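Enquirer: Supplied in structure tokens, the structure appears directly below.
The values are calculated or read from the model by the stated rules, or taken from the named source; none is laboratory data. Quick caveat, the model's predicted, so the values are computed rather than measured. Reconstructed Cβ throughout: ideal geometry from the backbone, glycine too, with neighbour counts over all protein chains shown. Ligands, DNA and RNA are stripped out before the accessible areas are found, and what is left, the full protein with its side chains, is counted by its heavy atoms. Shrake-Rupley method; radii C 1.70, N 1.55, O 1.52, S 1.80 Å.
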Amino acid sequence: MANTHLSQATLSEHNRSRVLHHLYRHGVESRANIAKALDLTPAAITKITAKLLDAGVIEETGDLEGARNRRSIGLHLNTAKFHVASVKFARSLVQINVFDLAGTEIHSEELTSIEHTEIPQTIATIHERLDALLRDDPQIIAIGMAVPGPYLRREGRTAMVSSMQEWRSVNFIDEFSQAFRVPVFMEQDARAGALAYRLFDAAHENRHLAYYLIGEGVGLGVIDHDDTINGELGAATEIGHVSIDMNGRECECGNRGCLERYCSAVAIHDELNARPELVPNSASLTHRKACNALFELANSGNSDAIELVQRIGTYVGYGCVTIINAFNPKRIIIGDIVSGGGELLLSAVQRVVNERVIPELAARTTIMLSELPADATVTGGAAVAIEALLSHPGAFMDDLAS
């Protein structure tokens, strides 16, 4: 009897999740259309939606015109009623945002210029800021965190953080999972970015995509047949530590010639510091501001800046060659700080891909700069939390109804 009960509970949860995912993707739908789309009986849909209506996750809208001019009541996900907080960890920068369930930004703040010795204080400040947000906004129902890879998801820590190894001492599960009144969900940063595109980018088909994060580090998140590629430890698709030069620059991971050593914001900032004639005050700038200064200089027509941005784009292109050959995505989306190089960077990337990838694969892969209204990794933290609600609504039901 216990097994039967468990099976029924699991099936009910599965069907609730299917209904929520369907409404998230399709907007307003009638009960009859949902039943038809999901191959469920009208009675089952009525029972499922009644519980979701009681919890306030969905709500009824005005009449819809159905078959034979019959009127039916529409249902839609109540995306404005609930909020999620998002935290992006990026070495010397932490961003904390709040979004509604549609991915609309409600609040944004940054902790910037974090030094090696300040990580314990930064963690304490994150606790304080999230506690304050939860106190001030009772609509927040979950927190999503995007953490640098390679992230060992079962252990809860990052195995390698170039240029700021002190982050390795932070166990994100121990530190945050039970710290707040709402559940906390964690994901590798680039994978969170890929999830943001799968959830929020309705303009494209997103079953085969790669989010290529090029910020203070270099990471990759891949979605294949709707699922993320995670690997045994959760550390799959770590393209930043793929070597592009076996005799190249030493990397803190122990390898040589890692991609991250040539095109990350940290690597770009190091080069600008060594070439003060380009950005004279670069040493006093953050990684982001130094890179943005370079991109502005290139856009103004400075030949040395243009040459450097194109060289960075060449390295980024080497990464795209590996992504296409390894994962064959339909789209590669370049995001984070270095995507600020714009079309100048993108043209260099595309040139490398056209030269070095099998033509049939190159022709079927679209490479683009991130177009989400907010940083895809920050939005990705929200996507991780929202996906948890859509996939496991039963875990939230009591809290949502209260």
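Enquirer: Where is the GNM fluctuation largest for the chain (alpha-carbon springs, 10 angstrom cutoff): P280, P183, P120?
Expert: Of P280, P183, P120, the Gaussian network model singles out P280 as fluctuating most.
Enquirer: Tell me the net charge near N171. Cut-off is 9 Å between Cβ atoms, N171 excluded, with +1 for each Lys or Arg and -1 for each Asp or Glu.
Expert: Numbers: positive: R157; negative: E155, D174, E175.
It works out to a net charge of -2.
Enquirer: When the chain is modelled as a GNM with alpha-carbon springs shorter than 10 Å, which of N15, N206, N97 fluctuates the most?
Expert: N15
Enquirer: Amide H of I106: which non-local residues (sequence gap of 5 or more, or other chain) have their own amide H closer than 5 Å, using H built in the peptide plane?
Expert: Counting only residues 5 or more places away or on other chains, the set is V98, F99, D100.
Enquirer: Continuing with the same structure: For the range 204-371, calculate the relative contact order in percent as a whole number, restricting contacts to Cα pairs under 8 Å that are 6 or more residues apart. Display every interim value, and only then the final one.
Expert: Details: 286 pairs, mean separation 38.7, N = 168.
Rounded, it is 23 percent for the range 204-371.
Enquirer: Would you grab the residues whose amide H sits under 5 Å from the one on I334? Only those 5+ places off in sequence or on another chain, please, with H modelled 1.01 Å from N.
Expert: Amide H neighbours of I334: Y212, M368, L369, S370.
Enquirer: So what's the Cα pair-distance distribution over the chain, bin width 20 Å, in %?
Expert: Whole-percent P(r) values from 0 Å outward: 26, 53, 20, 2.
Enquirer: Rounded to the nearest Å, what's the spacing between the alpha carbon centres of the range 172-219 and the range 264-285? Just the number, please.
Expert: Answer, in whole Å: 29.
Enquirer: Could you work out the mean projected area of the convex hull around the alpha carbons of the range 62-220, in square nanometres to one decimal?
Expert: Details: hull surface 47.2 nm².
Reported value for the Cα convex hull: 11.8 nm².
Enquirer: Which whole-Hz couplings ³J(HN,Hα) result when phi for each residue of the range 118-134 is put into the Karplus expression 6.51 cos²θ - 1.76 cosθ + 1.60, θ = phi - 60°, listed in order with x for Gly and Pro?
Expert: Running phi through 6.51 cos²θ - 1.76 cosθ + 1.60 with θ = phi - 60° gives 9, 4, x, 5, 4, 4, 4, 5, 4, 4, 4, 5, 5, 4, 5, 5, 5 Hz.
Enquirer: Right, here's the next one. In whole Hz and in residue order, list the ³J(HN,Hα) couplings for the range 153-160 that follow from phi through the Karplus curve 6.51 cos²θ - 1.76 cosθ + 1.60, θ = phi - 60°; x for Gly and Pro.
Expert: The phi angles translate into 5, 6, 7, x, 9, 8, 6, 7 Hz.
Enquirer: Mean separation of Cα pairs under 8 Å and 6+ residues apart, divided by the residue count of the chain: what relative contact order is that in percent? Provide the component values of the computation, followed by the final result.
Expert: On the way: 745 pairs, mean separation 68.8, N = 402.
Across the chain, relative contact order equals 17 percent.
Enquirer: Can you tell me the length gained on complete extension of the stretch L233 to S113, counting 0.36 nm per residue apart and subtracting the Cα distance? Before the final figure, lay out the partial values.
Expert: Values: separation 120, 0.36 × 120 = 43.20 nm, distance 3.04 nm.
Here the segment from L233 to S113 would lengthen by 40.2 nm.
Enquirer: Related question: Cβ under 13 Å from L259's Cβ, L259 left aside: what net charge do those residues give with Lys, Arg +1 and Asp, Glu -1? Intermediate results must be reported in sequence, preceding the final value.
Expert: Numbers: positive: R249, R256, R261; negative: E238, D245, E260.
That sum, taken over residues with Cβ under 13 Å, equals 0.
Enquirer: Here's a follow-up. Over the chain, average the accessible area per residue using a 1.4 Å probe and give it in Å², no decimals. Present the calculation step by step, with values, prior to reporting the outcome.
Expert: On the way: 18090 Å² over 402 residues.
So the chain comes to 45 Å² accessible per residue, rounded to a whole number.
Enquirer: Now for a different question. Output ³J(HN,Hα) for the range 53-59: one whole-Hz value per residue in order, computed from phi by the Karplus curve 6.51 cos²θ - 1.76 cosθ + 1.60 with θ = phi - 60°, and x for Gly and Pro.
Expert: Each residue of the range 53-59 in turn: 5, 4, 7, x, 6, 10, 8 Hz.
Enquirer: On to the next question. Would you tally the net charge around N230, using a Cβ to Cβ cut-off of less than 13 Å, leaving N230 out, and scoring K and R as +1, D and E as -1? Provide the component values of the computation, followed by the final result.
Expert: On the way: positive: R153, R154, R191; negative: E187, D224, D227, E232, E238.
That works out to -2.
Enquirer: If you don't mind, there's one more thing I want to ask. Specify, per residue and in Å³, the volume enclosed by the convex hull of the alpha carbon atoms belonging to the range 200-346. Walk me through the numbers on the way to the answer.
Expert: Working: hull volume 18.6 nm³, N = 147.
Measuring per residue, one finds 127 Å³ for the Cα hull of the range 200-346.
Enquirer: Sticking with this structure for a sec: Express the Stokes-Einstein translational diffusion coefficient of the range 1-132 in µm² s⁻¹, to the nearest whole number, given a Kirkwood radius over alpha-carbon pairs, 10 °C and a viscosity of 1.306 mPa s. Spell out each step's value before the answer.
Expert: Values: Rh = 17.9 Å.
Calculated translational D: 89 µm²/s.
Enquirer: Would you work out what percent of the accessible area of the chain, with all protein chains in place, is carbon or sulfur (probe 1.4 Å)? Intermediate values should be presented prior to the final figure.
Expert: On the way: 8960 of 18090 Å².
The value for the chain is 50 percent carbon and sulfur by accessible area.
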